[in-house]
Structures are given as C-alpha cells and as structure tokens.
Amino acid sequence: PFAIHLQQAAPAIFRGRPGSGLEGFATIVRAVNNEVVTWSNPVHPGDDLTIYLTGLGRTSPEIPAGYPGTIPPASAVLTPSVLIGERSASVIFAGLAPREVGVYQINVKAPWNVPTGWQVPLTIIQGGYQTTVAVRVVTNN
C-alpha cells in the first residue's frame, strides 16, 4: 500500500497545441479583440483578460467530475490571486468555463501600473500552489 496526497487546488494554465500557430502560448484571451495574447497581441494596462486553465478545484455549486460547466457558471470555492509583473490583477470571476469539461477560467483586469516588457510574469496563486507564464506587456498607444 501507498499513500496519495491530493491537493484542494493545483492551477495550471493551458497552452496552445502544436501546429495551431499558437504553440507554447498560454491560453490568455484579450477581451478587446477576443484573441490569444501573443508577441503581436500583447497585454495592455487595464485590459480585461480571460485565462483558461485547469486545477482550480471545487466549485459552488458543486459540479461532478466529467460534467460540463453550467450557465450561470460555477465559481471556484478558493478564489485565486493573479499577479502580472508582481502587481495584483483584479479577479472578476474564477470558476468553471460554461459548457466545458475540466476547463476553468479566470477573468481579470490587468493593473494600470503593470510593468512592460517581453517576458512579464503572470502568476496564479491558489491554496498555496502557483503557476507562472510569461506574457508581453506594452503601454497603451
């Protein structure tokens, strides 16, 4: 016999699949154009973003494993924190993506004082665990 230690949450951001043209890019979508954040479609201060991921754990109302997210969407019991360049992003919603199985989403507003650069860390922290990806951030023009 052996013991298995389960976590309440272990967030992990999805990435583009090979051959998709978005290979390796985190599935973070800008609301302004409904496109994935890439080098040519960077995050801007104040952007509304949707981050697609797995591992946010239990929801309220509880949705059984293997069932799609509901409308209205079920919220994560443990609200994650999101940092962009070590600045707090406002979490608007965190929970199961509607009509998706095992896919969560976090809707955030990028902070107005977010640092710019080609490799700005975007970190999700929940229940003592975290995941980080790099995104490009530019100032508004």
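Of the candidates PRO80, PRO121, the single residue that is surrounded by fewer than 18 Cβ atoms within 10 Å (Cβ to Cβ), modelled with pLDDT of 95 or more and not aliphatic (A, V, I, L, M) is PRO121.
Residues in the range 67-77 that are in a loop (DSSP other than H, G, I, E, B) and buried (at least 16 other Cβ atoms within 10 Å of the Cβ): PRO73, ALA74, VAL77. Summed over the range 1-19, residues that are among the small types (Gly, Ala, Ser) and touching a residue at least 12 places away in the same chain (Cβ under 8 Å) total 4. Quick check on the range 132-139. Is at least one of its residues buried (at least 19 other Cβ atoms within 10 Å of the Cβ) and under 15 Å from the mean Cα position of the chain (by Cα)? Yes: one or more hits.
Evaluated against (1) more than 20 Å from ILE125 (Cβ to Cβ); (2) surrounded by fewer than 13 Cβ atoms within 10 Å (Cβ to Cβ); (3) at pLDDT 95 or above, ARG30 falls short on exactly one condition, (2). Selection of the range 30-48 for residues being hydrophobic (A, V, I, L, M, F, W, C) and either under 17 Å from the mean Cα position of the chain (by Cα) or not in a loop (DSSP other than H, G, I, E, B) (or both) yields ALA31, VAL32, VAL36, VAL37, VAL43. Taken over the range 78-91, the criterion of being in contact (Cβ under 8 Å) with a residue 40 or more places away in the chain, part of a strand (DSSP E or B) and among the aliphatic types (A, V, I, L, M) is satisfied by VAL82, LEU83, ILE84, ALA89.
Every residue, every condition in (1) of a type outside the set (Ser, Thr, Tyr); (2) closer than 23 Å to GLY95 by Cβ; (3) assigned to a strand (DSSP E or B), yes or no:
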position: ILE4; (1), (2), (3): yes, no, no
position: GLN8; (1), (2), (3): yes, yes, no
position: PRO18; (1), (2), (3): yes, no, no
position: THR50; (1), (2), (3): no, yes, yes
position: GLU62; (1), (2), (3): yes, yes, no
position: ALA65; (1), (2), (3): yes, yes, no
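For the range 93-133, name all the residues that are assigned to a strand (DSSP E or B), in contact (Cβ under 8 Å) with a residue 40 or more places away in the chain and among the polar types (S, T, N, Q). GLN105, ASN107, THR123, GLN126, GLN130, THR131, listed by residue number.
Of all residues in the range 101-118, those satisfying the criterion of being surrounded by 14 or more Cβ atoms within 10 Å (Cβ to Cβ) and closer than 16 Å to SER90 by Cβ are GLN105, ILE106, ASN107, VAL108, LYS109, ALA110, PRO111, VAL114. Taken together, LEU53, LEU22 contain a single residue that is under 17 Å from ARG136 (Cβ atoms), surrounded by 11 or more Cβ atoms within 10 Å (Cβ to Cβ) and either touching a residue at least 12 places away in the same chain (Cβ under 8 Å) or over 16 Å from the mean Cα position of the chain (by Cα) (or both), which is LEU22.
The values are calculated or read from the model by the stated rules, or taken from the named source; none is laboratory data. Note that the structure is a prediction, hence the values are computed from the model and not measured. Virtual Cβ from ideal backbone geometry, glycine too; neighbours counted across all protein chains shown.
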